[in-house]
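In what follows, a single structure is set out as structure tokens and then discussed.
What follows is calculated from the coordinates using simple rules that are stated; it is not laboratory data. None of the values given here were measured: they were computed from a predicted structure. Here Cβ is always computed from backbone atoms with ideal geometry, including for glycine, and neighbour counts include all displayed protein chains.
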Amino acid sequence: MTNDIRLAARRLRYVTQAGIALVIGGSIAAAGALAAGRADGLGVLRIETEGLTPWPAALSLLAVGILLAAALLQLVRMLRQVEAGASFAAAPLRGFALFLFLAVLASILLAPLLDLAFGGRRLVLAVSGGDALMLFVTGLLFFVAKLLDEAQRVADDASQIV
Amino acid sequence: MAITVRLDVMLALRKARSKDLAAYVGITETNLSLLKSGRVKGIRFETLEKICQYLDCQPGDLLVWEPDA
């Protein structure tokens, strides 16, 4: 493991940690504004609720934010291991891919389901091409991470054969 | 583990040193030490052959199966 890679991993970790703070802070602020009925009142920002009532939209936003933060935490875990000298950390990468996939899935499904639970009359699912592409890419990333995990296990076994 | 490595016994019988054996086989002393203590998952035929050559013994002299119960 070269020092350049360790340094790059450390820098990326700082950026990711800042991203986690931004995601959590942004989600709480936006969910709070939605719950208070101020979707237009976040300075220059406007929160898109796609016709949902405030509470389901706020809860959905918060849940997606938490899942996204969990994905980034896994990324931080992976980068810490790289900084410590591990050439590859498969388990955190798999966790990152899984939480990212769940965040995308939650962003599609959670709001309409919560709307229904909060008294909505029918379930309306809006899946755009971008959403489908994100689901495919994050699902593929999870699969590739699982393959890499298996490859690392085989490499570990091989390293214990003298 | 059911398979016991008796490399240390053979080394003692032949009055050979681990360092020399490691150099002959082409593995590190650390790996040889791990092999002696049985803390490896396997041994290559190539490694086994060289150890047998150096110690003038059979694989059965180095590896012994001992039933657990």
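Less than 5 angstrom separates the built amide H of B:Leu63 from those of B:Arg6, all sequence-distant by 5 or more or on a different chain.
Mean residue ellipticity, 222 nm, helices only, chain B: the sum of -39500 (n - 2.57) across DSSP H runs of n ≥ 4, divided by residue count and rounded to 500, is -15000 deg cm²/dmol.
Between A:Arg80 and B:Lys15, what is the FRET efficiency for a Förster distance of 41 Å, r being their Cβ-Cβ separation, to the nearest 0.05? Before the final figure, lay out each step's value.
Values: r = 49 Å, r/R0 = 1.19.
It comes out at approximately 0.25.
Helix A:3-35 and the long axis of chain A differ in direction by around 20°, with both axes built from C-alpha atoms.
Once Rg and the Kirkwood radius are both taken over the C-alpha atoms of the protein assembly as shown, their ratio Rg/Rh works out to 1.26. In summary, the aspartates and glutamates within cross-link reach of B:Lys36, defined as a Cα separation below 20 angstrom excluding same-chain residues under 8 places away, comprise A:Asp156, A:Asp157, B:Asp8, B:Asp20, B:Glu46, B:Glu49, B:Asp56, B:Asp61, B:Glu66, B:Asp68.
Label reach from B:Phe45 (point 7 Å along Cα→C-beta): in the range A:141-162, amide nitrogens under 17 Å belong to A:162. Each helix, a run of at least 4 DSSP H residues, gives -39500 (n - 2.57); summed and divided by the residues of chain A, these come to -27000 deg cm²/dmol at 222 nm.
Principal-axis analysis of the Cα atoms of chain A puts helix A:90-117 at an angle of about 10° to the longest axis. As a rough footprinting exposure proxy, the listed residues B:Ile3, A:Ile108, B:Ile51 were ranked by other beta carbons within 10 Å of their own, and the order from fewest upward is B:Ile3, A:Ile108, B:Ile51. The modelled label-to-label distance for the pair A:Leu140/A:Ala91, using points 7 Å beyond Cα in the direction of Cβ, is 2.8 nm. As a rough footprinting exposure proxy, the listed residues A:Tyr14, B:Tyr54 were ranked by other beta carbons within 10 Å of their own, and the order from fewest upward is A:Tyr14, B:Tyr54.
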